[in-house]
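Scroll down for the structure; my scribbles are underneath it.
The values are calculated or read from the model by the stated rules, or taken from the named source; none is laboratory data. Just so you know, these numbers come straight off a predicted model, no measurement behind them. As a convention, Cβ positions derive from the backbone with ideal geometry for all residues, glycine included, and neighbour counts pool all protein chains shown. Accessible surface areas use protein heavy atoms only, side chains included; no ligands, DNA or RNA. Shrake-Rupley method; radii C 1.70, N 1.55, O 1.52, S 1.80 Å.
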Amino acid sequence: MPTPQGETRYQLALEMLTADDAGRDEILSKFTRLTSELLNIPGSFVSIMNEHQQYIKAARNFSLQQSSLEDALCRHTLASGEVMVCPDTHLDERFKAHPLIKDSPYIRFYAGAPLKMRDGAIVGTLCVTDVLPHIFTEEQVKLLELLAEIMTAWLDAWYHTSLRDVVTLLPNRQSLLRDLEQLEDGGIIQPYSLVLIDCIDMARAYDIARALGMYALEALLQNIAALLRTRLQLRDDDRLYTVSKGRFALLSAGKTSGWPKQLSEKLGQVRARIGEEIAIDLTLHLGEVSFAPALCPPVEALRRGVSALHEAIGQGLPYAAFDLESDNRRKLDFLLLHDLAEALRSEGGLYLVYQPQISLHSGLPVGMEALLRWQHPRLGNLPPLQFLPLAEQTNLMAGVTDWVIVSVLAQLKLWRAKGINLPVSVNVSVSDLAREGFADWLERMLLRAGLSSDLLSIECLETEKLLESPDAMRGLNQLKLRGFTLALDDFGSGYSNINYLKRIPMDVIKLDRSLIAPLAADGGSQIVARHVITMLKELNYIVLAEGVEDEETLLMLRGFGCDEIQGYFCSKPLPAEGVEQWLKSGKTP
Ligand code: C2E
Ligand code: CA
Ligand code: CA
């Protein structure tokens, strides 16, 4: 059966079986001992044969270690595929003049059974032998056959679980680590290159498996392995591994810095086949690390390769070389997320500040936006944009939003007791909106706090993501139904197609600072802002301008018909007590 490597499974099995492996051969020695004792013949051995040689992998009372296939008696067992018995070689025309009979090890009696692997390929023999002739009964033949079967079953299992990937038949991750260890032990300081190649993301792999079955996925992986092997044009000392499903590694000696680019070009666009009819286009990502094996522990070399690969995947690049700086940054990011999880658990470090929102019609405060801050134990005060985008990529974001909402509700209760009844808006991400039962949970929390839902507004940004997520759209509609005020954040930055507004149930549109900041100085921006505000007002939205930093801008916005403003001109975001003082001072514009 041809395999992805263009070799046969048989050859691969032979390659593994002929290679040195002390652990395996120790077990084989126990098998030979058992065989000799059960059959009552002093000599026994296990041999593995390729097309040229016979290798004795374990033996008892038998001194031969290797012979040419030509000389091997076992050649006849291999050819017949059955147990072969020769009670006395001196009486057998085939062997009379044979070198192993005339000379050491002076084989006089021989009985051999073929080692037939699961797929029928014969890789060697289990034999009993002696320097004296023997009569070998039918019962002994059966016993030898049985022992050979048990031994092949064991070898088969050993072969499959040890160092090969069962699907692609390439050496596996364990095998890569073992090879790296050997290079390390050999004190190799000449540079080596390890390239991790990602061909198929797991989500996609499971989609294929679910739709077409596991065999289809395996066929695809085999096809990818075959394609890689052909396109990479491997040299003798290059080694290709399967490190996990759809992920490969190439280990090669002495490569230059342009190597990942060259490889990526060699690989080009890969279209892999699942069956006769179906083919899919794959996006390949490569991550490369150069290292001196003696100076870099195997696990670290692999980690660095994977780190480079993740950099390439994360950036959507065809290849990336390991970069210590970005690796350190990632480590820091990871630590930061770890600390954030800790901060959420321990109720220390995180706190909220509130920025007032003022009505341009009455000049009075109409609400506040809650903004998150983090007093990090070592890094000091961190702005939200330093840790929230990281949290967004994990399930920590839900914890952050819940923390903010619980804290805001507690603050609203405190303020109510002091006679302050301004609504507070909180920022939520699309992943929050998509959470099952988010609106119900919010409603329950408010009910429990004895607060009405018009005291809490929800600000959301990332319009494009929102529109793409049916779950988030459903969540948004549920919030609307339960009476929460919904505000669209950062309008006018990035993706701002007016058409989509009709599809999302918003009450307030917050104009992004980038639209507001240039107003005082730039006539063109004034025209844009005026038209945007007019249009939004015609569509019946409440329009709030963010980032108002001076009076001139405020007056202009009032002239354009803008409803509310928020910005440093009125107040910076303040801690709760600061807000109370600010409200008392009555310093509103
Ligand atoms: P955002 O929602 O657009 O919040 C407004 C940001 O503009 C705040 O930055 C605020 O401090 C800043 N700002 C307000 N007025 C002015 C001004 O006049 N001039 C200038 N230059 N800046 C002004 P901050 O607090 O650093 O927050 C940044 C972003 O982080 C927020 O942008 C929001 O997207 C996100 N964020 C903050 N807190 C939370 C939170 O609790 N949850 C979520 N999901 N995101 C949050
Ligand atoms: Ca906001
Ligand atoms: Ca904003």
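Among DSSP bridges having both ends in the chain, what percentage is antiparallel? Round to the nearest 5. Mind showing how you got there, number by number?
On the way: 66 of 89 bridges.
Around 75 percent of the beta bridges assigned by DSSP in the chain are antiparallel ones.
With a bin width of 10 angstrom, please list the P(r) values of the chain as percents of all Cα-Cα pairs, from the 0 bin to the one holding the largest distance.
With a bin width of 10 Å, the distribution comes to 3, 13, 16, 15, 14, 12, 9, 6, 6, 4, 2, 0.
For a test of the definition: using alpha carbon positions, the gyration tensor, and the 1.5 limit on a/c, classify the stretch 502-589 as rounded, prolate or oblate. Before the final figure, lay out the partial values.
Values: a/c = 2.32, a/b = 1.43, b/c = 1.62.
Because a/c hits 1.5 or more and a/b fails to exceed b/c, the stretch 502-589 counts as oblate.
Going through the stretch 489-589, which trypsin sites (Lys or Arg not before Pro) have at most 13 other Cβ atoms within 10 Å and a DSSP loop state?
Details: sites: Lys502, Arg503, Lys510, Arg513, Arg530, Lys537, Arg558, Lys584, Lys587; in loops: Lys587.
Answer in residue order: Lys587.
Would you be so kind as to identify which of Thr168, Met84, Leu544 lies farthest towards the positive end of the dipole of the chain, taking Lys and Arg as +1 and Asp and Glu as -1 on Cβ and the Cα centre as origin?
Result: Leu544, furthest along the dipole toward the positive end.
Full-extension gain between Arg558 and Glu26, please, as 0.36 nm times their residue separation minus the C-alpha to C-alpha distance. Before the final figure, lay out the partial values.
Values: separation 532, 0.36 × 532 = 191.52 nm, distance 8.85 nm.
This chain segment gains 182.7 nm when fully extended.
With +1 on each Lys and Arg Cβ and -1 on each Asp and Glu Cβ, and nothing else charged, work out how big the dipole of the stretch 173-322 is about its Cα centre, in Debye to the nearest 20. Let's see the in-between values first.
Values: 17 positive and 18 negative charges, 35 e Å.
With Lys and Arg at +1 and Asp and Glu at -1, about 160 debye.
With a cut-off of 8 Å between alpha carbons and a minimum separation of six or more residues, what is the relative contact order of the chain in percent? Walk me through the intermediate numbers first.
Numbers: 983 pairs, mean separation 48.9, N = 589.
Relative contact order, the chain: 8 percent.
Set Lys and Arg Cβ to +1 and Asp and Glu Cβ to -1, take the dipole of the chain about its Cα centre, and tell me which of Thr553, Leu126, Pro105 lies farthest positive.
So the residue furthest toward the plus end is Thr553.
When the dipole is taken about the Cα centre of the chain, and only Lys, Arg (+1) and Asp, Glu (-1) are charged at their Cβ, what size is it in debye, to the nearest 20?
820
With each run of n ≥ 4 DSSP H residues scored as -39500 (n - 2.57), what mean residue ellipticity at 222 nm is computed for the chain after dividing by its residue count and rounding to the nearest 500 deg cm²/dmol?
Values: 21 runs with 261 residues, N = 589.
So the calculated ellipticity at 222 nm is -14000 deg cm²/dmol.
Does anything in the stretch 116-150 have its amide N under 13 Å from the 7 Å Cα→Cβ label point of Ala97, and if so which residues?
The answer is none, because no backbone nitrogen lies closer than 13 Å to the label point.
Diagonalise the Cα gyration tensor of the stretch 355-585 and give the resulting equivalent ellipsoid semi-axes, square root of 5 times each eigenvalue, largest first, whole Å. Provide the component values of the computation, followed by the final result.
Numbers: eigenvalues 139, 99, 68 Å².
Equivalent ellipsoid semi-axes, largest first: 26, 22, 18 Å.
Against the empirical 2.2 N^0.38 Å scaling, what ratio does the C-alpha Rg of the stretch 438-521 come to?
Details: Rg = 14.6 Å, N = 84, 2.2 N^0.38 = 11.8 Å.
Normalised Rg, Cα atoms only: 1.23.
Report in % the part of the accessible area of the stretch 355-585 that belongs to carbon and sulfur, leaving out ligands and nucleic acids; probe 1.4 Å. Could you put the intermediate results ahead of the total?
Numbers: 5720 of 10760 Å².
On the stretch 355-585, the fraction of accessible area on carbon and sulfur atoms equals 53 percent.
Any number yet on Rg/Rh for the stretch 418-479, C-alpha, Kirkwood?
Values: Rg = 12.7 Å, Rh = 12.4 Å.
That ratio is 1.02, to two decimals.
If each Cα of the stretch 17-122 is one equal point scatterer, what is log10 of I(q)/I(0) from the Debye formula at q = 0.10, 0.12, 0.18, 0.19 Å⁻¹?
-0.27, -0.39, -0.94, -1.05
With every protein chain left in place, what is the accessible area per residue of the chain in square angstrom, probe 1.4 Å? Provide the component values of the computation, followed by the final result.
Working: 28500 Å² over 589 residues.
On a per-residue basis, the chain sits at 48 Å².
My understanding is that a pair violates if its Cα-Cα distance is over 19 Å; which of Lys480/Lys510; Lys102/Lys142; Lys510/Lys572 do that in this structure? Let's see the in-between values first.
On the way: Lys480/Lys510 17 Å; Lys102/Lys142 29 Å; Lys510/Lys572 17 Å.
Long pairs (Cα-Cα over 19 Å): Lys102/Lys142.
In cubic angstrom, how much convex hull volume per residue do the alpha carbon atoms of the stretch 173-322 span? Don't skip to the end; give the middle numbers.
Details: hull volume 15.5 nm³, N = 150.
Measuring per residue, one finds 104 Å³ for the Cα hull of the stretch 173-322.
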